[in-house]
Amino acid sequence: MTGQPPAIPLKAKDYKSEIKPVWCPGCGHFAVLSALTKALAYLALPREQTALISGIGCSSRLPAYTEVYGFHGVHGRALAVASGLKAARPDLTVLVAGGDGDGFSIGGNHFLHACRRNMDMTYIVMDNEVYGMTKGQASPTTSPDWAQSKLTPHGTGIPSFNPAAIALASGASFVARGFSGDPKSMTQLLVEAIQHKGFSFLQVLSPCTTFRPEQKNWKKEVHEFSGETTDDCVAAAQHIQIDDGMGAGIIYRRELPVWQPVVDPTHTVAELTRGFAL
Amino acid sequence: MAAYPITPASEILEWLAPNLEKIGGSLLQAEDELASINMIIGGSFGGVPSLTATSGPGLSLMMEGLGLAVTSETPVVVCNVMRGGPSTGIPTKSEQSDLNIALYGFHGDAPHLVLAALDIQDCCFTTQWAVQLSEEMQTVAIVLSYQSQGQARAIIDPPAEAQASGIRSTAPAGTDGYLRYTLNESGVSPMAVPGTAGCIYTADGLEHNQKGTPSSMATDHLNQLDKRLRKIVHYNYGSDWAITRGEGENIILTWGSSSGAAFEAAERLTQQGHATRAIAIRLLAPLQRESLAALLANGKRMIVVEQNHGAQFFQYLHAQQALPGYARSLARPGPLPIRPNDIVTFMMEEF
């Protein structure tokens, strides 16, 4: 089943499907799609050996727009589907995409355990600090005083979730932050995330121009990450706390044991069955 | 396999974890049942037959994932070892009270398979059959077992092997104009396994067209609903869907783990001069209505036996218009098992 490298190198457009995205004009996700296809082309990954898994939300529509195997599942469970796929098919390059609500709220538990499990996959969270598909509610990464949602007219009043800090604390071996408004750097981050052996977490600041128009200012606010890339989790934790949450770059990268289920086929089913004989 | 520990299903997991890896499989301990069902969906999407085991509370958590498996046509099997419910209920005792969730727990129209093991030995046959059916029809199969089966030890004869092909229809590389959810007569459309060149698609829990592209068109919805129903209705299940023992105008109809008591009660009644047949149903959904009607022919008295408070099986059969008007319900909750004498006494009151 292993695909042969194509004779003619694939271009970024070869990783794009014919389906037109449902995203709003100006959505940051267009740039993520573009950067992802460029990264896949750069890495020359065979399309049939690559799988992109997602949950529900604007960003989770990504798989259908790419020309790789895709699974668009239910809200919050993309990492679980991806973990089962990787366990069953370690030969595949497994990518997971979703939003801040999908990954950090309804899927929060899977995020913790996927980081901890450190299976070899790449998780891209397109963070726009809002639920876009349900028309503008606060997400875990929304600042506590954002009062534009009818659901939380006084703001959430709850401190926002720090994805990089949680990923680091939970055991992810690659933690990075990118910005969709800087597609070149983001492509590079995606390449490095996919090449990393283990669980790579990439938070992409991706503006929602419809429900968070003020995020158009992100291009002025995003800056290079405050700290050097490190393999020291204490230093990385300090860097994350010092950074204002808008710093882009590779925060933490470390070679840690990659988990795959033990498969040791030493028996046939008939041999196991014979073990039941009296 | 992927699973989360739960009483009384953990015995299945604890035996399988060290043994599955010896034959090239694996068991992942998931962080919760939401993960375990979605993990096996991922494994099955990857082309590997996948299943999980749980009990009532876990099955409740899995329902959304099972709907995804139905809609995306990803074959998975869930063994649900029933315990007293609802909620935490009576975790260490038996009850046949998860029939309703197994039949009706999905939102939307979600045709799927429900099977029940008749006794300890039959757990092997029924689960094997469920995997075969699920793989062939690319759908969900829920197998209902029972605490006193799941946590018992017994000496049994080697179990029979289920005889369905169990072969998943897959798409060969380079299939021209590949459509993952193509409409055809059987309703089963070849599934491309990742790694197959030229058949790339995205599986979707959103309603979709034949290609798999999300669609909210009325025609696509109707066509795909029909397809997912057609494949399980038109399948030829053979004769393993039920077991009949004895003959006579008195009928005991039951399912799953009350079967042993029903068979014994039928024998005792027959010995007492009241010729009785007992019928135990193994395939609960889709209900084999015509075949059941044949088995119920020429009855005079009939009781429907099950171990739950709400007469779930009796109501299901009535909803399917599968019961004659004279059928009576013997439904009693756990944790005490239904004994043959309970059935004999109930039937004698009918005379």
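General remarks:
- Average partner coverage of B:19-31, which counts Cβ from other chains inside 10 Å: 6
- Centre-to-centre separation between the Cα atoms of the stretch A:229-271 and those of the stretch A:107-134: 14 Å.
- Packing-based order for B:166-178, A:19-31, using average beta carbon neighbours within 10 Å, highest first: A:19-31, B:166-178
- C-alpha long axis of helix A:183-195 to longest principal axis of chain A, angle in °: 30
- Once the 1.4 Å probe is applied to the protein heavy atoms, chain B comes out at 39 Å² accessible per residue.
- Taking all protein chains together, B:M63, A:M133 sort by accessible area into A:M133, B:M63, largest first [probe 1.4 Å].
- Across the accessible surface of the stretch B:247-351, with the other protein chains kept in place and a 1.4 Å probe, carbon and sulfur atoms take up 47 percent.
- Rounded to the nearest 10 Å², the accessible area of B:S165 at probe 1.4 Å: 80
- Under 5 Å from the amide H of A:V204 lie the amide H atoms of A:V125, A:M126, A:D127, A:G178, each residue being 5 or more positions distant or on a separate chain, with H modelled from the backbone and absent for Pro and chain starts.
- Gyration tensor (alpha-carbon) shape descriptor, the stretch B:294-344, a/c threshold 1.5: oblate
- Per residue of chain B, the DSSP helices (runs of n ≥ 4 H) give a summed -39500 (n - 2.57) that works out to -11000 deg cm²/dmol at 222 nm.
- For chain A, calculated [θ]222 nm from helices alone, where every DSSP H run of n ≥ 4 adds -39500 (n - 2.57): -8000 deg cm²/dmol
- Cut-off under 5 Å, modelled amide H: who pairs with A:T66 long-range: A:S17
- Spin-label zone in the stretch A:178-218 - amide nitrogen under 20 Å from a point set 7 Å from the Cα of A:D145 along the C-beta vector: A:212-218
- Distance from the stretch B:301-349 to the stretch A:49-64 (C-alpha centre basis), Å: 48
- Solvent-accessible surface of chain A, averaged per residue with a 1.4 angstrom probe and all protein chains in place: 44 square angstrom.
- Solvent-accessible ranking of A:C58, B:C79, B:C124, largest area first, probe 1.4 Å: B:C124, A:C58, B:C79
- Taking the 1.4 Å solvent-accessible surface of the stretch B:1-240 as the whole, the part contributed by carbon and sulfur is 55%.
- Angle between chain B longest axis and helix B:10-20 axis [Cα atoms, degrees, rounded to 10]: 50
- DSSP beta bridges fully contained in chain A are about 15 percent antiparallel.
- Overall form of the stretch A:1-150 per C-alpha gyration tensor (a/c, 1.5; a/b vs b/c): oblate
- Near A:A80: Cβ cut-off under 14 Å, other residues only, Lys/Arg at +1 and Asp/Glu at -1. The net charge is -1.
- Note on chain B: with a GNM built from Cα contacts shorter than 10 Å, the maximum mean-square fluctuation among B:A17, B:A278, B:A116 falls on B:A17.
- Beta bridges by DSSP in the protein assembly as shown, antiparallel share as percent, to the nearest 5: 15
- Between 0 and 90°, nearest 10: helix B:33-45 axis offset from chain B longest Cα axis: 60
- 1.4 Å probe, heavy atoms, protein only - residues of the stretch B:189-208 losing at least 40 Å² accessible area vs chain alone: B:P194, B:G195, B:I200, B:T202, B:L206
- Averaged over residues, the count of other Cβ atoms within 10 Å places the peptides B:209-217, A:184-192 in the sequence A:184-192, B:209-217, highest first.
- Inter-part distance where the stretch B:17-47 and the stretch B:149-196 are each reduced to a Cα centre, Å: 17
- Built amide H within the under 5 Å cut-off of B:H112, gap 5+: none
- Computed over the stretch B:1-240: relative contact order in percent, which uses C-alpha pairs under 8 Å that are six or more apart: 17
- Filtered chymotrypsin sites (Phe, Trp or Tyr not before Pro), the stretch A:200-278: DSSP coil and at most 10 other beta carbons within 10 Å: A:F276
- When DSSP beta bridges are restricted to pairs lying wholly in the stretch B:58-151, around 10% turn out antiparallel.
- The listed residues B:R153, A:R177 rank as B:R153, A:R177 when sorted by accessible area, largest first, using a 1.4 Å probe.
- Cα shape, chain A, gyration tensor, a/c 1.5 rule: prolate
- Number of partner chain Cβ atoms within 10 Å, mean per residue of B:44-51: 5
- Solvent-accessible area, 1.4 Å probe, carbon plus sulfur percent, for the stretch A:14-274: 55
- Peptide B:145-151 - average C-beta neighbours from other chains (10 Å radius): 0
- Based on Cα contacts under 8 Å between residues 6+ apart, chain A shows a relative contact order of 17 percent.
- Of A:G84, A:G108, A:G249, the residue with the greatest mean-square motion in the GNM of chain A, using alpha carbon springs below 10 Å, is A:G84.
- Solvent-accessible area buried by B and A, counting both chains, probe 1.4 angstrom, square angstrom: 3600
The values are calculated or read from the model by the stated rules, or taken from the named source; none is laboratory data. None of these values were measured; they are calculated from a predicted model. Note that we place each Cβ from the backbone using ideal geometry, even for glycine, and neighbour counts take in every protein chain shown. All accessible areas refer to the heavy atoms of the entire protein, side chains included, with ligands and DNA or RNA removed. Shrake-Rupley method; radii C 1.70, N 1.55, O 1.52, S 1.80 Å.
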